[in-house]
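Chemist: Input: one structure, supplied below.
Read-outs: derived from the displayed coordinates by stated rules, not from any lab. Since the structure is predicted, the reported quantities are computational estimates derived from the model, not experimental observations. No Cβ is skipped: glycine too gets one built from the backbone with ideal geometry, and neighbour counts run over all protein chains shown.
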Ligand SMILES: *Cc1c(COP(=O)(O)O)cnc(C)c1O
């Protein structure tokens, strides 16, 4: 591709703004997360230089290594968007701006413990905590019920909300989902609507203001359905190995 990362970022931002306008929403309420998994730190630097601040990573080790290498970019915001095992919670607790993938009571409790320790300076990180306090998290819901997908079932949401409420050092700010893979972006829409309806059931936008949904191929559908975080990778950074 001859277009630069900067050009493609502008295109994606414009895409989200247009989608917000069409949906009668304020574009300010939609944040673009540049998904930089499997991309080099140089590619991240390039996006940062073009003004991008929110970056999504899927793998804990990769996230920690990149955050350390880019520690000088002090206002960068890391989003953990991949599956997170409880035993890795301590590695991300003091580091990230959001964890989008809380999918069990166990993980909510572990993040609560680790976020508290990170805020007290007992983190295992080599640098000081840089995420917000309390740590903001979203509950990942498998709305399609596909066996291959991570995320909790819709029925598990209240249990996880309750567990998180027992932890002063974390706060649930919303819900996240990944629809089944499909060629046709319109097929994703019912899953996005389903996540928004689930949010209505558990307190609505006052209690859970954030909806993390939509990727490169279905961003418009997600914004139309109410997304506040859209996670875009390939349309910004191009091809990646997986
Ligand atoms: C990879 C990934 C994305 C970005 O997907 P693209 O199709 O490259 O835009 C978004 N969300 C999650 C959870 C991902 O793993």
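Chemist: If we only count helices (runs of 4 or more DSSP H) wholly inside the stretch 203-242, which ones have 1 or more residues that are more than 25 Å from residue 62 (Cα to Cα) and within 14 Å of the ligand (Cβ to nearest atom)?
Modeler: Result: 219-225.
Chemist: To continue, here is another question. Take the residues in the stretch 24-47 that are surrounded by fewer than 16 Cβ atoms within 10 Å (Cβ to Cβ) and in a loop (DSSP other than H, G, I, E, B); name whichever of them is nearest to the ligand (Cβ to nearest atom).
Modeler: Among those that are surrounded by fewer than 16 Cβ atoms within 10 Å (Cβ to Cβ) and in a loop (DSSP other than H, G, I, E, B), it is 40.
Chemist: Residue 146 passes all but one of (1) free of Cβ contacts under 8 Å to residues at least 40 places away in the same chain; (2) touching a strand residue (DSSP E or B) at 6+ places or on another chain (Cβ under 8 Å); which number fails?
Modeler: (2)
Chemist: Could I ask something else about it? Is it true that residue 133 is on the phi < 0 side of the Ramachandran plot and free of Cβ contacts under 8 Å to residues at least 12 places away in the same chain?
Modeler: no
Chemist: Would you confirm, using the coordinates I've provided, whether residue 90 is within 19 Å of the chain's Cα centre (by Cα) and surrounded by 16 or more Cβ atoms within 10 Å (Cβ to Cβ)?
Modeler: Against the criterion (within 19 Å of the chain's Cα centre (by Cα) and surrounded by 16 or more Cβ atoms within 10 Å (Cβ to Cβ)), residue 90 qualifies.
Okay, residues lined up against (1) closer than 30 Å to residue 71 by Cα; (2) part of a helix (DSSP H, G or I); (3) within 16 Å of the ligand (Cβ to nearest atom):
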position: 138; (1), (2), (3): yes, no, yes
position: 146; (1), (2), (3): no, no, yes
position: 156; (1), (2), (3): no, yes, no
position: 173; (1), (2), (3): yes, no, no
position: 182; (1), (2), (3): no, no, yes
position: 189; (1), (2), (3): no, yes, no
position: 195; (1), (2), (3): no, yes, yes
